[in-house]
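Just below is one structure, and these are the notes that go with it.
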Amino acid sequence: MISVIIPLYNKEQIIEKCIQSVLTQDYDDFEVVIVNDGSTDRSAEIVKRIDDSRIRLIEQENGGPSKARNIGVKNAKGDWIVFLDADDEFLLGALNYFRSLIRSHCVYDFFACPYYCNNGIKRQLHFQYQEGELRNPFKASYKGKFLPRAGAFICKKKLLLSNPFNEQIRRFEDLEMLYRLYHNARIYLGTTPVMVVNQEFAAASTGRKDIKEDFLGYLNFKGKTFWEKMCLYKFYLGERPYYKEQCKQLYPMLAKRLDLLLLSKIFAL
């Protein structure tokens, strides 16, 4: 069974469309676990009106997306997990394609696929993968050739139980989890797009008041491989402007790593 986990917080405009994109799949061995993270709008009411035995709604006080996803994983009945954000949607055939990859390549426990981005005006393919095993996810990530996101990857439940989301993080919590998970996962890339990211409903990505609610507050370079260090440094450079003073206090030596800065400029050429 595949468990589709949807963390839900104030998405009354789009949640029904999101759920229907799951219920209309041409593969039927799945469940939908929706974790309502203390929504203050009509989101939960809309979910309750949908009469389908495959849906389970779990209510919790607002604790953030990491806690909602962890609760979803713990309550999932399936051996395979797909996260889907409440403002996104599956394409028809998505779950069937995931299942075909699982059956055809049974030694892998993490499958990632392409996806579309919809800005409200037009829908574009984000990028395309070359099918096959991905042996160095950090190198591919750094070079912009691997960017899994909720709804576009499926992995075994046991991977997520051993690599849960950090519940203190509310920004880039998925990236923090994935960087840990990469060390234990065998990754295979598919070529068929499986979902649509509806950017018009997404909240703007801005920094938090407290850097400890952001992955940027937890960077650790010790014992990391070369390409993982480069990924962390690239992330640091991109997000540092949101937390200039906090970064100075938390990472006083990182700004002086001219070796990493030089390498990042060389690889950017």
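Using the structure shown, select from LYS143/LYS224; LYS212/LYS248; LYS17/LYS209; LYS212/LYS244; LYS209/LYS244 the pairs with a Cα to Cα distance greater than 23 angstrom.
On the way: LYS143/LYS224 18 Å; LYS212/LYS248 14 Å; LYS17/LYS209 32 Å; LYS212/LYS244 14 Å; LYS209/LYS244 12 Å.
Violating the 23 Å limit, Cα to Cα: LYS17/LYS209.
Once you place label points 7 Å from the Cα toward the Cβ at ARG103 and LYS74, how far apart are they in nm?
For the pair ARG103/LYS74, the computed spacing is 3.4 nm.
Given a 1.4 angstrom probe, I'd like the percentage of the accessible area of the chain that is carbon and sulfur, rounded to a whole number.
Its accessible area is 49 percent carbon and sulfur atoms.
Among [x] 65; [y] 38; [z] 43, only one was calculated for this model; which label is it, if the read-out is percent of Cα pairs over 26 Å apart?
[z]
Calculate how steeply helix 258-268 sits against the longest principal axis of the alpha-carbon atoms of the chain, using the helix alpha-carbon long axis, and give the answer as 0 to 90 degrees to the nearest 10.
Approximately 50 degrees, to the nearest ten.
With bins 10 Å wide starting at 0, give me the P(r) of segment 51-144 over every alpha carbon pair, in whole percents.
Result, from short to long distances: 10, 35, 38, 16, 1 percent.
From the helices alone, meaning DSSP H stretches of at least four residues, give me the mean residue ellipticity at 222 nm for the chain, per-run term -39500 (n - 2.57), in deg cm²/dmol to the nearest 500.
-9500 deg cm²/dmol
Quick check: convex hull of the Cα atoms in segment 91-217, volume per residue, rounded to a whole Å³? Intermediate values should be presented prior to the final figure.
Details: hull volume 15.2 nm³, N = 127.
Spread over its residues, the Cα hull of segment 91-217 gives 120 Å³ apiece.
Could you work out how far apart the two model spin labels at LYS158 and ASP52 are, taking each label as a point 7 Å from the Cα in the direction of the beta carbon, and quote it in nm?
My value for the distance between the label points is 3.0 nm.
Just to confirm, what accessible area per residue do you get for segment 45-192 at 1.4 Å probe, in whole Å²?
48
Size of the dipole of the chain about the Cα centre, Lys and Arg at +1 and Asp and Glu at -1 on the beta carbon, nothing else charged, in debye to 20? Write out the running numbers ahead of the final one.
Working: 40 positive and 33 negative charges, 278 e Å.
About 1340 debye.
Just to check, using Stokes-Einstein with a Kirkwood Rh over alpha carbon pairs, what's the diffusion coefficient of segment 213-263 at 37 °C and 0.692 mPa s in µm²/s? Don't jump to the answer; show the numbers that get you there.
On the way: Rh = 11.3 Å.
Rounded, D is 291 µm²/s.
The values are calculated or read from the model by the stated rules, or taken from the named source; none is laboratory data. Everything numeric here is computed off the predicted structure, so don't read it as measured data. Cβ sites come from the backbone with ideal geometry, for glycine too, and all protein chains shown count toward neighbours. Heavy atoms of the whole protein, side chains included, go into the accessibility calculation; ligands, DNA and RNA do not. Shrake-Rupley method; radii C 1.70, N 1.55, O 1.52, S 1.80 Å.
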